[in-house]
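Single-structure report; data block below.
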Amino acid sequence: MRLRLNRPERKNALATPVLQELASALAGADEAEDIRVALLVGSESVFAAGADIGELAASGPDDSVESPRFLAWQAIRAFSKPLVAGVEGWCLGAGAELMLCADIVVAARNARIGLPETGLGIMPGAGGTAILPRRTGLPRAMDMVLTGEPVTGETAWSIGLIARLADAGQAGQAALALAKTLSNRAPVALRAAKASLRLAGQLAEHEHLLHERRAFLRLLGTADKTEGISAFLEKRTPDWSGA
């Protein structure tokens, strides 16, 4: 499934209704047996330039923590299948936090990824201080968040913020090719592997190893495991059932 942010007049600003639409689309994709991977892209000049400023200006300290916006972010991060993002151009604030929801990010070398919130008197509120340091390490996250200075795709790749680089204008196509590659792998295994990988940093190593082993053993009883082994031995393309 391919999702494109398309609010050119607002530079793909992530107003709450936009996040809710994304969350709803991903929830539907999670339930659809014929969808194995989701791809998220913006335009060639901007992935998403941040939150909606008008909405932000109207927000206050008495807003509920579990607001519709917060719940939409939770739903997006709950997507259990692989989520690939293709990033071109500006990817700022909430746009960068949306990028952080993706499992694998392909960014153009000249992309600009940043968290400028401290220049507005606020801070990141949807993963910029919670997820970013887990990707890049604390020193680089401190630098990006406190200075608000964006990094290029090249730098983002060098610090582990993104997984793959593409030439300018090619990130969307490269991300699509990657999504197609993932869609040819065992769906049940992809979901199990993603769930286990997400526990890195949350569980102690010995606990994570035990969880991983249990997940591995569950996969041994699936139809996809039987099909995968048979296809390998018979030198043919597997016909995955997702079960």
*Could you list, in sequence order, the residues of the stretch 3-28 that are under 28 Å from Asp167 (Cα atoms), open to solvent by 80 Å² or more (accessible area, probe 1.4 Å) and modelled with pLDDT of 95 or more?*
Arg4
*Top-ranked residue of the stretch 29-48 - restricted to ones that are modelled with pLDDT of 90 or more and open to solvent by 40 Å² or more (accessible area, probe 1.4 Å), ranked as farthest from Gln74 (Cα to Cα)*: Ser45
*Search the stretch 76-92 for residues being in contact with a Leu (Cβ under 8 Å, 6 or more places away or on another chain) and touching a residue at least 60 places away in the same chain (Cβ under 8 Å), and hand back the single one that is nearest to Leu182 (Cα to Cα).*
Pro82
*Based on what the data block shows, is Gly89 open to solvent by less than 10 Å² (accessible area, probe 1.4 Å), at pLDDT 95 or above and not hydrophobic (A, V, I, L, M, F, W, C)?*
no
*Could you please tell me which pairs satisfy a Cβ distance under 7 Å, a separation of 6+ or placement on different chains, a first residue in the stretch 135-148 that is open to solvent by 100 Å² or more (accessible area, probe 1.4 Å), and a second residue that is polar (S, T, N, Q) and in a helix (DSSP H, G or I)?*
Leu146/Thr118
_For the structure I just gave you, tell me whether Ala175 is crowded, with 16+ Cβ neighbours inside 10 Å and among the hydrophobic types (A, V, I, L, M, F, W, C)._
yes
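The values are calculated or read from the model by the stated rules, or taken from the named source; none is laboratory data. Treat the numbers as computed from the prediction; the structure is a model and nothing was measured. All Cβ positions, even for glycine, are placed from backbone atoms using ideal geometry, and neighbour counts span all protein chains on display. Just the protein is used for accessible areas: all its heavy atoms, side chains included, with ligands, DNA and RNA removed. Shrake-Rupley method; radii C 1.70, N 1.55, O 1.52, S 1.80 Å.
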